[in-house]
1. Sticking with the crude label model, points 7 Å out along Cα→Cβ, report the distance from SER71 to ILE95 in nm, one decimal please.
2. Enumerate the residues in region 37-72 having an amide nitrogen under 16 Å from the point lying 7 Å beyond the Cα of ARG108 toward its Cβ.
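Readers should treat all values here as calculations from the given coordinates under stated rules, not as data from a laboratory. As the structure is a prediction and not an experimental result, all values here were calculated from the model. So basically every Cβ, Gly included, is an ideal-geometry build from the backbone, and we count neighbours across all protein chains shown.
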Amino acid sequence: MMIRLLAIALTVWPLSATAQQAVSQPGAELRVLDKVTGQVQDVTMQVGQAESIDQLLIQLNDCRTPVNNPSGDAFAELSVNYRNSETPVFSGWMIASAPALHALDHPRYDVWIMRCTDG
């Protein structure tokens with residue numbers, strides 16, 4: 001029985017890997033929360049664009065969605081700098097369905113990806 005379950009798992013595993021393929025989209029919608037003022041701001045950006053929001057400079061490097069489901073989960077590669085610092089306070093991938101998984105760790109601001117956009 002155990003061998004049969006292992007054989008099934010090894011057969012299904014490559015299928016799940018192909019289901020995770022993603023395609024880059026030209027833009028993204030982000031949400032920025034200022035925890036001090038309580039203000040929420042939605043920002044639409046294009047890949048390669050940098051946007052100043054209050055004291056943050058947000059650079060969108062890539063936004064990807066599943067190949068067969070562009071309206072599905074979004075994965076955005078961002079770089080976020082606070083004030084004029086050269087060292088980012090965040091640099092990496094954010095996932096729309098799991099914003100806490102790899103989040104911006106800042107005392108004043110929260111930034112998360114809402115979705116990728118096609119234009």
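1. Label-label distance for SER71 and ILE95, simple model: 2.2 nm.
2. Counting only backbone N, you get 37-41, 52-58.
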